[in-house]
Each structure stands twice: as C-alpha cells, then as structure tokens.
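Only one structure is covered here, and it is reproduced in the block below.
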Amino acid sequence: MGWEAWSYGIFLFMIGAACGSFFNVVGIRVPKGISVAAPRSSCGSCGRQLNAVDLIPIFGWFIRRGKCHTCQASISPIYLVGELAGGMLFAALPWLVARDELWIAYPLVSVLLMLTVSDLAYMLLPNKIIYPAMLGFAALRLWLHPLPLWQYAAGFILGGGLLVLVSLAAAWMGRPAMGFGDIRLMALVGLVMGVKLVLMCIFLSAFLGSLIGLGLIAAGKLDRRSPMPYGPFIAVAGLLCFCFGDPILTWYMDLVVWQAF
Ligand SMILES: [Zn+2]
C-alpha cells in the first residue's frame with residue numbers, strides 16, 4: 001500500500017473511532033430513554049462530568065487506564081471495544097466492499113455497533129434503533145439493489161420467519177428462547193442482504209453462538225441455563241456474510257464436494 005492508502009485508512013480509522021464513541025452513547029442511552037444529546041456523559045459511579053481527555057476516542061481510555069480519574073471506578077471495556085471496532089471497520093470497508101455497496105456498508109456497521117453495545121449492556125435490541133434502520137435500509141435498497149428487489153423483501157420475511165420458528169422450537173424444548181429483538185434484527189439482515197446471505201447469517205450466527213457459548217460454559221463463565229445475548233453474534237455473522245459471503249459460500253461448497261467424493 002502506498003502512503004495515500006495509509007493516510008486514507010488512518011483518516012477513516014479516526015472518523016470510525018469517533019463515530020464508535022457516539023454509537024456507544026446511543027447503545028447505552030437509547031434503551032434507557034435518555035437523550036443522546038444531553039446531558040453530557042458522566043462517570044457512572046461518582047457522577048463527575050467527563051472532560052475532553054476522557055472523551056478522546058481510544059486514547060482517552062488508555063490515558064485513564066480504564067478507570068475514572070476521580071473515583072477510580074473501572075470503566076467498562078465495552079467503550080474501548082466499540083471505538084476500536086468502529087475505527088477498524090470504517091478503515092477496512094473500502095477494501096472489503098464494492099464501491100456502490102459502501103452506501104449500505106457504513107450505515108450497516110453503524111447500526112450493528114449500536115445494537116451490539118445495547119445487547120451487551122442490557123440484553124436488549126431497542127425498537128427505537130431497529131425500526132428506523134428498517135425504514136432507512138428499505139429506502140436505500142429501493143435505490144441501490146444489485147439483486148432483484150424481491151430478494152430483499154424475501155430476505156426480510158425469511159430472516160424473521162425462520163427465527164420465529166427457531167425460537168418456537170427452542171421454547172418447546174425448554175431452552176432459553178430468542179427475543180423479539182433477535183427476530184427483528186435477523187429480518188433487518190435479510191432486508192439488507194437478500195435470501196442467500198440471510199440464510200448463511202442464520203447458520204453462521206448459530207455456529208458462532210454455540211461455539212462461544214460452549215467455550216464460556218467450559219470456562220465456568222456462563223451457566224448452561226443462563227441466557228446469552230444473541231444480537232452480537234447476528235451482528236458479527238451478518239458483517240462477515242456482507243463482506244465475505246460469496247467467498248465463504250464457494251469455500252464451503254468446495255469443502256462439501258471434496259468430502260462427498
Ligand atoms: Zn467516577
């Protein structure tokens with residue numbers, strides 16, 4: 001990569017980290033019904049208003065060493081992770097996604113980051129974020145649709161519908177069922193990506209969820225019966241499908257064909 005590409009990447013990283021900081025605020029405040037504009041952010045323990053140093057994306061967290069400057073209460077690493085993820089994704093997208101699809105990719109990453117923060121913090125995927133996102137992406141897809149339009153409509157119905165069936169089956173087996181938020185989020189993924197990729201996202205999110213869930217149970221960090229937020233797995237799987245869906249499918253098909261003969 002030449003220096004132009006590097007400076008472009010670093011510029012996008014800084015924008016992404018600043019946006020990530022805002023997405024954290026949205027993800028933390030919207031479920032509680034607090035305005036994202038006011039009041040200014042403060043320490044959850046002592047109530048001290050955060051100043052400019054605290055608010056520098058990423059660096060602020062390291063300068064304060066993950067603790068409140070006044071009361072030494074530890075600051076959740078969610079904030080740092082959200083800023084880093086925003087920076088890295090914003091910087092990487094132009095290299096991962098076709099030029100036209102960037103109009104979809106940036107809003108998608110933004111919405112998924114807000115929802116992930118909210119789900120990790122409260123196990124909640126707020127309708128106040130999901131419904132406007134559905135309207136926004138429906139409008140974007142009317143304008144930009146590499147696949148025929150019915151694909152996105154069918155993806156919406158299939159994503160939501162299949163997750164309703166999965167959660168009914170889970171409830172029937174006495175397992176912790178998925179929430180309505182997860183169902184709506186999968187419908188949103190289908191609306192954005194169409195039939196093929198939403199099916200892939202359902203499988204991949206279930207795979208990642210079981211993998212991490214079993215790992216946490218084995219490590220004694222999670223009880224078998226206790227619920228785990230599923231939204232972050234839908235978000236990660238959705239992004240992987242959006243960026244690498246076709247290569248993943250080719251690789252998987254090769255694997256299956258290779259196994260069959
Ligand atoms: Zn404090």
The one condition in (1) out of contact with any Ser or Thr (no Cβ under 6 Å at 6 or more places or on another chain); (2) closer than 30 Å to Leu144 by Cβ; (3) of a type in the set (Asp, Glu) that Glu83 fails to fulfil: (1)
Qualifying helices (runs of 4 or more DSSP H) (wholly inside the range 34-149; at least 2 residues being within 16 Å of the ligand (Cβ to nearest atom) and buried (at least 19 other Cβ atoms within 10 Å of the Cβ)): 59-63
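Coordinate-derived values only; no laboratory data. All of these numbers come straight from a predicted model, not from anything done at the bench. Here Cβ is always computed from backbone atoms with ideal geometry, including for glycine, and neighbour counts include all displayed protein chains.
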